[in-house]
1. On C-alpha positions alone, give me the angle between the axis of helix 295-304 and the longest principal axis of the chain, in degrees, nearest 10.
2. Could I have the simple spin-label model distance between residue 93 and residue 362, label points 7 Å from Cα toward Cβ, reported in nm to one decimal?
3. Averaging sequence separations of C-alpha pairs under 8 Å and six or more residues apart, then dividing by the length of segment 246-371, give the relative contact order as a whole percent.
4. What is the helix-to-structure angle for 59-69, meaning the angle in degrees between its Cα long axis and the longest Cα principal axis of the chain, kept from 0 to 90 and rounded to the nearest 10?
5. Classify the chain as rounded, prolate or oblate from the Cα gyration tensor: take a ≥ b ≥ c as the square roots of its eigenvalues, call it rounded if a/c is under 1.5, otherwise prolate when a/b beats b/c and oblate if not.
6. Find how much the distance from residue 25 to residue 328 grows on full extension, using 0.36 nm per residue of separation minus their present alpha carbon separation; answer in nm with one decimal.
7. What is the extension gain from residue 166 to residue 4, computed as 0.36 nm multiplied by their sequence separation minus the C-alpha to C-alpha distance, in nm to one decimal?
8. So in the chain, what percent of DSSP beta bridges are antiparallel if you round to the nearest 5?
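None of the figures in this text is laboratory data; all of them are computed from the coordinates on show. Keep in mind the model is a prediction, meaning the values are calculated, not measured. Cβ atoms come from the backbone with ideal geometry, glycine included; neighbour counts cover every protein chain shown.
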């Protein structure tokens, strides 16, 4: 057994990242002004096919900014999938609004449109679909519900750069959408995010709030309570370099998912699949064990062999701060207790992938031998 650890993720910074960052240092443009900020925003918008993009310092504040731009606040409700990273409901809470949780679909793991309908009340203002782990939500159904009930749609695309639904990049369906560029994302700026929209007014509002509420017509005059959510020129420089190579990252991750699927086809696990009419970007390549009791022992077995894994996100409705009016969301809970994220970075070697799959196979082979 190799004693070299295989991490769950590591970024590839082998392009123009150092060159562009050095330009920031050499020119002293290291804060939130400089050529890379505007260039990254315009190229990002062009890449996904949206009109406007505003960069921010991380993906969580991108969600908060999107909600603020829509005027979401106290006494409002926003429907959020319970199977998501905690940033999604937390951003709703920052505004004083209430996150109302919806269950998942068993086949895609995404928010269930039928459960969205069940959660709508007179206080509902918006739906926040999250394209979990790189698989697209059912945007036709979600947009139809939003139109029927006159609701806003905020797409959380933190994990879904390179994900498509019926030929369109996610983030281009809703009223406003957000992306994350944390260090483990398909493309990274270290910490960073983006707010995008085809509505110029919403992006103008986002820019206003992210820059301390500074009025455009008067120096040092602030006409709203704003925030310091700006991206630095250094982060944008890294993002631009990543954007130049991101198609290669996505291709490698999709090939990695296919390789895992082939190597594990005879093992009692189910890999997260690609739904019809979508392109899964496989931010994380995830699997389900058949029985929840196998999840943690399998992870411990792999950890002992130097392989890092992660569990699926715990459903947000089970967290202490959101469990005050607890109700079951059976599908999300079942997925969460059985799910594991595998090492998913595009630079994994064939030997490393074989080692990871071999560890999974050996766990189930050992279990079978004990019960034989």
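1. Taking the Cα atoms of the chain, the angle to 295-304 is about 80 degrees.
2. 4.1
3. 33
4. 40
5. Values: a/c = 2.10, a/b = 1.30, b/c = 1.61.
In terms of gyration-tensor shape, oblate.
6. This chain segment gains 103.9 nm when fully extended.
7. The residue 166-residue 4 span can extend by a further 54.2 nm.
8. Numbers: 25 of 41 bridges.
Within the chain, antiparallel bridges account for around 60 percent of the total.
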